[in-house]
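Worksheet for the structure shown next.
The values are calculated or read from the model by the stated rules, or taken from the named source; none is laboratory data. The model shown is predicted, which means the values in this text are computed figures rather than measured ones. All Cβ positions, glycine included, derive from the backbone under ideal geometry; neighbour counts span all protein chains shown. Note: accessible area is taken over every heavy atom of the protein model, side chains too, but ligands, DNA and RNA are not part of it. Shrake-Rupley method; radii C 1.70, N 1.55, O 1.52, S 1.80 Å.
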Amino acid sequence: MIGYIEHREVMICMEVASSVKKVQINYFEKAHPEHKIKVDYKGELGKSFNPIKLQLNGLSMNTLYAYELILDDKKVTLPFATEFKTKDLWEWRKPAPDFSFLIGSCTYINDSAYDRP
């Protein structure tokens, strides 16, 4: 899963089984799949839980990338698109991009059998 996307950096997060011995990401500009860059996970593996974060650095701004997950030297086929687009450099150059957000609060639903009189 994509953790965050910035102008020139992206974080990819995952958790792998305790049997996995090697984790690698190959990424590339979608327009140039022949120029793959390899990132190997250097941390400890083999535990009951193996949360992993891999940073992909030195990316070009406002560019569409694709990536491949390689576990134990075998490419993993995932049921979703493995791609992302880095942020455009808009600050102080053009209007901010549109965004949306959701807020909420605690919900209380009355239960008449237990409500105060």
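Within segment 44-91, which GluC sites (Glu not before Pro) sit in a loop by DSSP and count at most 10 neighbouring Cβ atoms inside 10 Å?
Here the GluC sites (Glu not before Pro) that fit, given the DSSP loop and packing criteria, are 44, 91.
Could you order 14, 61, 1 by accessible surface area, starting with the largest, using a probe radius of 1.4 Å?
1, 61, 14
With +1 on each Lys and Arg Cβ and -1 on each Asp and Glu Cβ, how big is the dipole of segment 61-117 about its Cα centre, in debye rounded to the nearest 20?
Its charge dipole is roughly 220 debye.
Over the chain, what relative contact order in percent results from Cα pairs under 8 Å that are six or more residues apart?
28 percent
What stretch of the chain, leaving out the sites themselves, is the longest with no chymotrypsin sites (Phe, Trp or Tyr not before Pro) in a DSSP loop having at most 11 other Cβ atoms within 10 Å?
1-48
When every alpha-carbon pair in the chain is counted, what percent end up more than 19 Å apart?
Summing the P(r) tail past 19 Å for the chain gives 59 percent.
How much of the accessible area of the chain, in percent, comes from carbon and sulfur atoms when a 1.4 Å probe is used?
C and S fraction of accessible area: 55 percent.
Calculated FRET efficiency, residue 80 and residue 106, Cβ-Cβ r, R0 41 Å, to nearest 0.05? Could you put the intermediate results ahead of the total?
Values: r = 33 Å, r/R0 = 0.80.
For R0 = 41 Å, the calculated efficiency reads 0.80.
Roughly how many Å² is the accessible area per residue of the chain, as a whole number, for a 1.4 Å probe?
I get 77 Å² per residue for the chain.
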